[in-house]
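Here the structure comes first, spelled out in structure tokens, and everything after it is commentary.
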Amino acid sequence: MFEPSALITNLLAAVALKDSAGAGMRAVMQREQDFPSPTQARLTGVALDPNGRAYADEILDTYWSDERHRRELFSSGSSTREVIIGSGVHAAIYAAIRVLRGYPKPLVLERADRVGGNFAMTGWPTFFLNSRNRAGAGGLAGDLGASLNYLPGAPIQAADLSMREYITNADMAFAVRLALAQYADVVPNANVVSVNPDSPGVEIGIEGDASLLAGRVLDARGVGDPNDQDVADGVTILTFPQFMRRMAGAWPLRGVRRVAVIGGGDSGKCAVESCLGIGPQPFMAAIGVDQVDRVDWYAVGLPTTCERWQEDIRGRYQAIGRYLRPDRFGARRLTVLPRTARPVALPGAGLVDGRMYDVVVLCTGNRETIIDGLTVATFEEYTTADGAAVAREHDTLPVFRVGPHARLPLSTRERTDGVAAIAANEVSIFRTAPKTAALAATLPPVTRD
Ligand SMILES: Cc1cc2nc3c(=O)[nH]c(=O)nc-3n(C[C@H](O)[C@H](O)[C@H](O)COP(=O)(O)OP(=O)(O)OC[C@H]3O[C@@H](n4cnc5c(N)ncnc54)[C@H](O)[C@@H]3O)c2cc1C
């Protein structure tokens, strides 16, 4: 039977008491027997009701950012505690499996003010995931009976949050946040800057705060910071997260007629979708008042015509292709320019290759965030008893890199299973989540010796 944490219990009680937020929770109880437990039914009801979800999000943020709560967690430090750096998918999975295995709740340290990792970069939905929304337990991309966005151990799954073919970042973030609320202690605004030996464990340095002791560290820093963020001015030249935060605000495309997107990966595709009106609907935006007329997409290796796009690009992004041909009045909104580019910020505009744009979005990949004492050279592959590499282990410290941050190469088995067919699969949840779950299930308890 699922036993809710004190935070989840309080959250459900608060939502039930608020008339405007409790409708989904009440509606779902008519079919309580379809869910593994009454609590999971209620959580699903909260998640499916936009008002319920917004209120629940507010409760979580208020609880996690409470200064007294932060002080208590920091002062209750011990050299046997497990600390996770980062609060994304892999933090949630690790914490869930550890607690379900009978170990204490790990402490999660998140540098951002919003908990939930990459998908929580905005509270409002701003991009669709590229992995299909399917019910079921975890599995590989080609397995139609498996869920690709599965969080082992989570109270509710992303597939319980939406019936869309592709869920939004906000759906995934909500599932992650609920898992953390159930299975972890969480501190936002805690930027880890160093990890040093402090026998038998480690000492964790946090920017602007006292250091913490831990017996084991799970380094779940994710895909890292945007490349080229030094070029962005946050106004006319934006990184992908900055652009998405803009899309989450009111009137994000006001005065924006010409946009350049630089980079052709998944972030670039999501940015182009936002400009063309085929991403999630922004809070306040309408084509009648703000329309982007022209998107120039500086991207090497992408098809430049509608026909080639439809042949070469996978289903999730098919809709972009039709903007690569003129409409019947001869207007074409999207052009792929197959070259790299570097923008210059001018007052009120971004300049790329001699062309002026109202907004330039940089989608040129990510680089590792820096933590003293944890450089990549000091980590080796860590394998479970079946010979599968599931994480990287520090050569002297009790520290494990998990998720995409572990940068595990594709194994022969993964190549045979077709995981290597799509480059983005390397960091996909369906590939990395089971590895983190296996690590959490098999690591021994932390001891003082
Ligand atoms: C735009 C985009 C779209 C994607 N879409 C998909 C998709 O559709 N399907 C899919 O399977 N995968 C997708 N991915 C990949 C997926 O997001 C990642 O693999 C997954 O989120 C990684 O989870 P994580 O927990 O390892 O890290 P993240 O979710 O990246 O979380 C890491 C957290 O660590 C925090 N952090 C970093 N440094 C520190 C520090 N020093 N101290 C404290 N905290 C720190 C960060 O602030 C962040 O919140 C996408 C990635 C991107 C960038």
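The values are calculated or read from the model by the stated rules, or taken from the named source; none is laboratory data. Just so you know, these numbers come straight off a predicted model, no measurement behind them. When we count neighbours, we look across all protein chains shown, and the Cβ atoms used for this are built from the backbone with ideal geometry, even at glycine.
Some observations on this one:
- For segment 342-382, the candidate set comprises residues that are part of a strand (DSSP E or B) and without any contact (Cβ under 8 Å) to a residue 40 or more places away in the chain; within that set, the residue that is nearest to Asp219 (Cα to Cα) is Phe379.
- Segment 383-410, residues that are touching a residue at least 40 places away in the same chain (Cβ under 8 Å) and either away from the ligand (no atom under 13 Å from the Cβ) or assigned to a strand (DSSP E or B) (or both): Thr384, Ala385, Ala388, Ala389, Val390, Ala391, Thr396, Leu397, Pro398, Val399, Phe400, Arg401
- Exactly one residue out of Ile313, Ile278, Ile262 is within 16 Å of the ligand (Cβ to nearest atom), farther than 27 Å from Ser87 by Cα and without any contact (Cβ under 8 Å) to a residue 24 or more places away in the chain: that is Ile313.
The rows are residues; the columns are (1) away from the ligand (no atom under 16 Å from the Cβ); (2) in contact with a strand residue (DSSP E or B) (Cβ under 7 Å, 6 or more places away or on another chain).
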| position | (1), (2) |
| --- | --- |
| Ile85 | no, yes |
| Val89 | no, no |
| Ile97 | no, no |
| Gly102 | yes, no |
| Lys105 | yes, yes |
| Val108 | no, yes |
| Thr122 | no, no |
| Pro125 | no, yes |
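- Among the residues listed as Asp209, Asp219, Asp160, the single one being among the acidic types (Asp, Glu), within 26 Å of Met1 (Cα to Cα) and touching a Phe, Trp or Tyr at 6+ places or on another chain (Cβ under 9 Å): Asp160
- Selection of segment 179-195 for residues being near the ligand (Cβ under 10 Å from one of its atoms) and either at negative phi or crowded, with 24+ Cβ neighbours inside 10 Å (or both) yields Val187, Pro188, Ala190, Asn191, Val192, Val193, Ser194, Val195.
- The number of residues in segment 227-241 that are within 10 Å of the ligand (Cβ to nearest atom) and either surrounded by 22 or more Cβ atoms within 10 Å (Cβ to Cβ) or at pLDDT below 95 (or both) comes to 1.
- Residue within segment 102-109 that is part of a helix (DSSP H, G or I) and free of Cβ contacts under 8 Å to residues at least 60 places away in the same chain present: no
- Conditions (1) of a type in the set (Gly, Ala, Ser); (2) touching a helix residue (DSSP H, G or I) at 6+ places or on another chain (Cβ under 8 Å); (3) away from the ligand (no atom under 14 Å from the Cβ): number failed by Ala154: (3)
- Residue count for segment 411-431 under the criterion of being loosely packed, with under 14 Cβ neighbours inside 10 Å, at pLDDT 85 or above and within 16 Å of the ligand (Cβ to nearest atom): the result is 0.
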